[in-house]
Amino acid sequence: MTGANLQATVLLTGEAKPLEGRLKPAANFNPAEGFWGAFELAARVAMLDTSDGEDAGVVTAGTNGETREVAIGLNWYMAPNVVLRINWNHFIFEEDVVLATGDSPEDTQDVFYVRWQIDF
């Protein structure tokens, strides 16, 4: 099996992104004082090819050989420990797959999700 992943982010509000740990907004979310936290735009392209595993006798999920993904997201850091993540993922399947019981086979899938994360 082979795979690849390429991703990039840019902080739209000018903060420096740490290699490890939390991102600290220049000013925490406080709309009464005109502070909105930090915003980050993220993008990713990825590929997973499991067709070689089928040749080697490895059991793979479904019959799809290669799946490609394009993802775009916006991360809103309200404070160092509070972030809202809005993401859209577009998957492209080499072969049609049934995504849910009773559905027709599809060669693409779009997923939109929102995650509000608080850590302490």
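The values are calculated or read from the model by the stated rules, or taken from the named source; none is laboratory data. Keep in mind it's a predicted model, so treat the numbers as computed, not measured. Ideal geometry is used to build each Cβ from the backbone, glycine not excepted, and the neighbour counts take in all protein chains shown. Protein only, heavy atoms only, side chains kept; ligands, DNA and RNA dropped before computing areas. Shrake-Rupley method; radii C 1.70, N 1.55, O 1.52, S 1.80 Å.
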FRET efficiency for VAL70 and PHE35, Cβ-Cβ distance as r, R0 = 35 Å, nearest 0.05? 0.60
Among (i) 7.7; (ii) 6.3; (iii) 10.2, the entry matching mean projected area of the Cα convex hull in nm² as calculated here is (iii)
About the Cα centre, charge dipole magnitude for the chain (Lys/Arg +1, Asp/Glu -1 at Cβ), debye: 1000 debye
Calc'd 3J(HN,Hα), region 34-41, phi into Karplus 6.51 cos²θ - 1.76 cosθ + 1.60 (θ = phi - 60°), Hz, glycine/Pro = x, comes to x, 9, 10, x, 10, 10, 10, 9
What ³J(HN,Hα) values, in whole Hz, does the Karplus curve 6.51 cos²θ - 1.76 cosθ + 1.60 give for region 68-76 when θ = phi - 60°, with x put for Gly and Pro? 10, 9, 10, 9, 10, x, 10, 10, 10
Just want to confirm a number: the relative contact order over the chain, from Cα pairs under 8 angstrom separated by 6+ residues, in percent. 22 percent
³J(HN,Hα) computed for each position of region 82-92 - Karplus, 6.51 cos²θ - 1.76 cosθ + 1.60, integer Hz, glycine/proline x: 10, 9, 10, 10, 10, 9, 10, 10, 10, 9, 10
Do the sum for the chain: with -39,500 (n - 2.57) for every DSSP H run of n ≥ 4, divided by all residues, what is the mean residue ellipticity at 222 nm, to the nearest 500 deg cm²/dmol? -1000 deg cm²/dmol
Report, to the nearest whole %, how much of the accessible area of the chain belongs to carbon and sulfur atoms, 1.4 Å probe, protein only. 58 percent
Counting Lys +1, Arg +1, Asp -1, Glu -1, what net charge surrounds VAL83 among other residues with beta carbon under 11 Å of its beta carbon? +1
Compute the accessible area per residue over the chain, keeping the other protein chains in place, probe 1.4 Å, unit Å². 67 Å²
Between ALA27 and residues 5 or more places away or on another chain, the pairs with built amide H atoms under 5 Å apart involve GLY37
